[in-house]
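A.B. asks: Okay, handing you the structure first.
The values are calculated or read from the model by the stated rules, or taken from the named source; none is laboratory data. Here the structure is a predicted model, which means the values were calculated and not measured. All Cβ positions, glycine included, derive from the backbone under ideal geometry; neighbour counts span all protein chains shown. Just so you know, the surface numbers come from the protein's heavy atoms only, side chains and all, with ligands and any DNA or RNA stripped out. Shrake-Rupley method; radii C 1.70, N 1.55, O 1.52, S 1.80 Å.
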Amino acid sequence: GDSVTQMEGPVTLSEEAFLTINCTYTATGYPSLFWYVQYPGEGLQLLLKATKADDKGSNKGFEATYRKETTSFHLEKGSVQVSDSAVYFCALSGGPGKLQFGAGTQVVVTP
Amino acid sequence: DTGVSQDPRHKITKRGQNVTFRCDPISEHNRLYWYRQTLGQGPEFLTYFQNEAQLEKSRLLSDRFSAERPKGSFSTLEIQRTEQGDSAMYLCASSLDDGITEAFFGQGTRLTVV
């Protein structure tokens, strides 16, 4: 079945450092890919998405490119802020309403 | 507030008791989803509705679980004869049925079975 694997956390960074969170997937067909973020005490929020190969999703300085050849959707940000501290989830859409999530990666940004 | 709301936010219950959670989706959204999230894991799909019709149920949804969306608006998730393994965060999300609109999540109901 479909699955998503993302790097384990916590990832601890200093402010203004470069962030990469690796995400790879296994799926039949051509799913849409997503990154969701969960800030402390809040619900899941969609950060960005890509619906087909080579699409780049971007939002709030974060970017991820849908790589079909490597079945990956790595999340990157060039300069993180303390406010980026959160748990980040990679997910794929395996059908209507069915998001398959990875286990999440906690990111801690220190001043 | 026009987001997805869930009630209660926290529920502590004794093993064997029944519990019911409520989700109010964004008003114009005709799709509604339930997920379960355990500590250190990502959310797992449980079921989804299009209007009042329950279109898919995960094998995770044992016969002790039942979900309804009687008028195509709010939804309830009931767990009968709760077990300690049911302790988790139960998340609700909603979206439009246009294949494009993202799903918006509520803050969840945290269930603790003691």
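A.B. asks: How much length is gained on full extension from A:Thr51 to A:Asp2, taking 0.36 nm per residue of separation minus their Cα-Cα distance?
C.D. replies: The A:Thr51-A:Asp2 span can extend by a further 16.0 nm.
A.B. asks: As a test question: what accessible area, to the nearest 10 Å², does B:His29 have when a 1.4 Å probe is rolled over all protein chains in place?
C.D. replies: 10
A.B. asks: Springs between alpha-carbon pairs under 10 angstrom, Gaussian network model over chain A: which of A:Ala86, A:Ala17, A:Ala64 fluctuates most?
C.D. replies: A:Ala17
A.B. asks: Between B:Gln107 and residues 5 or more places away or on another chain, which pairs have amide H atoms under 5 Å apart, with H built 1.01 Å from N, and which residues are they?
C.D. replies: B:Gln6
A.B. asks: What residues from the range B:32-54 fall in the zone where the backbone N is under 17 Å from a label point 7 Å along the Cα-to-C-beta line of B:Arg64?
C.D. replies: B:36-39, B:46
A.B. asks: Turning to a different aspect of this structure: Can you compute 3J(HN,Hα) from phi for each residue in the range A:12-23, using the Karplus curve 6.51 cos²θ - 1.76 cosθ + 1.60 with θ = phi - 60°, rounded to whole Hz and x for Gly and Pro?
C.D. replies: 10, 9, 8, 3, 6, 6, 8, 10, 10, 10, 7, 9
A.B. asks: Show B:Asp86, A:Asp55 ordered by accessible area, largest first, where the area counts protein heavy atoms only and the probe is 1.4 Å.
C.D. replies: From most exposed to least exposed: A:Asp55, B:Asp86.
A.B. asks: With only Lys, Arg, Asp and Glu charged, each at its Cβ (+1 for the first two, -1 for the last two), find how big the charge dipole of chain A is about the Cα centre; round to the nearest 20 debye.
C.D. replies: 340
A.B. asks: Considering Cα pairs under 8 angstrom that are at least six residues apart, work out the relative contact order of chain B and quote it in whole percent.
C.D. replies: Contact order relative to length: 36 percent.
A.B. asks: In whole Hz, what ³J(HN,Hα) sequence does the range B:106-114 give by Karplus (6.51, -1.76, 1.60; θ = phi - 60°), x for Gly and Pro?
C.D. replies: Result, rounded to whole Hz: x, 7, x, 10, 8, 9, 10, 9, 10.
A.B. asks: For chain A, set up a Gaussian network in which alpha carbons nearer than 10 Å are linked by springs, and say which option among A:Thr70, A:Thr24, A:Thr12 fluctuates the most.
C.D. replies: Per the Cα network of chain A with a 10 Å cutoff, A:Thr70 tops the list.
A.B. asks: A further question follows. Could you work out which residue, out of B:Gln80, B:Gln54, B:Gln41, moves most in a Gaussian network model of chain B, that is, has the largest mean-square fluctuation with Cα springs under 10 Å?
C.D. replies: Highest fluctuation among the options: B:Gln41.
A.B. asks: Taking amide H atoms as placed 1.01 Å from N in the peptide plane, list the residues 5 or more away in sequence, or in a different chain, whose amide H sits under 5 Å from that of A:Leu48.
C.D. replies: Amide H neighbours of A:Leu48, under 5 Å, 5+ apart: A:Trp35.
A.B. asks: Output the antiparallel fraction of DSSP beta bridges having both residues in the protein assembly as shown, as a percent to the nearest 5.
C.D. replies: Within the protein assembly as shown, antiparallel bridges account for around 90 percent of the total.
A.B. asks: Note down the nm distance, to one decimal, between modelled labels 7 Å out along Cα→Cβ at A:Thr12 and at A:Thr70.
C.D. replies: Output for this residue pair reads 2.8 nm.
A.B. asks: Let me ask something else. At the nearest 100 Å², what buried accessible area, both sides summed, do you get for A and B when the probe is 1.4 Å?
C.D. replies: Using a 1.4 Å probe on protein heavy atoms, the buried area is about 1300 Å².
A.B. asks: Another question about this same structure. Could you tell me which of A:Gly9, B:Leu77, B:Gln41 has its Cα farthest along the dipole of the protein assembly as shown towards the positive end, charges placed at Cβ (Lys, Arg +1; Asp, Glu -1), taken about the Cα centre?
C.D. replies: Of the candidates, B:Leu77 comes out farthest on the positive side.
A.B. asks: Defining a contact as two alpha carbons under 8 Å apart and six or more residues distant in sequence, what relative contact order in percent does the range A:42-111 show?
C.D. replies: 20
A.B. asks: Hey, any idea what % of chain B's accessible area is carbon plus sulfur with a 1.4 Å probe?
C.D. replies: In chain B, the share of accessible area belonging to carbon and sulfur is 44 percent.
A.B. asks: Taking the simple approach of a point 7 Å from Cα along Cα-to-Cβ for both B:Arg110 and B:Glu78, what is their distance in nm?
C.D. replies: 2.7
A.B. asks: A follow-up question, please. Give, ordered by residue number, each residue of the range B:1-50 whose 1.4 Å probe accessible area is reduced by a minimum of 10 Å² on adding the remaining protein chains to the chain alone.
C.D. replies: With the partner chains in place, the range B:1-50 has these residues losing at least 10 Å²: B:Arg31, B:Tyr33, B:Tyr35, B:Gln37, B:Gly40, B:Gln41, B:Gly42, B:Pro43, B:Phe45, B:Tyr48.
A.B. asks: A further question on this structure: Per residue, how much accessible area does chain A have with a 1.4 Å probe, in Å²?
C.D. replies: For chain A, the solvent-accessible area averages 47 Å² per residue.
A.B. asks: With θ set to phi - 60° and the Karplus curve 6.51 cos²θ - 1.76 cosθ + 1.60, what are the ³J(HN,Hα) couplings of the range A:51-68 in order, to the nearest whole Hz, using x for Gly and Pro?
C.D. replies: My calculation for the range A:51-68 gives 9, 8, 3, 6, 5, 10, x, 8, 5, 6, x, 8, 9, 8, 10, 6, 10, 5 Hz in order.
A.B. asks: Here's another thing I want to ask about it. Over chain A, how many pairs of lysines fall under 18 Å by alpha carbon, counting only those 8 or more apart in sequence or from different chains?
C.D. replies: Pairs that pass both the separation and distance tests number 9.
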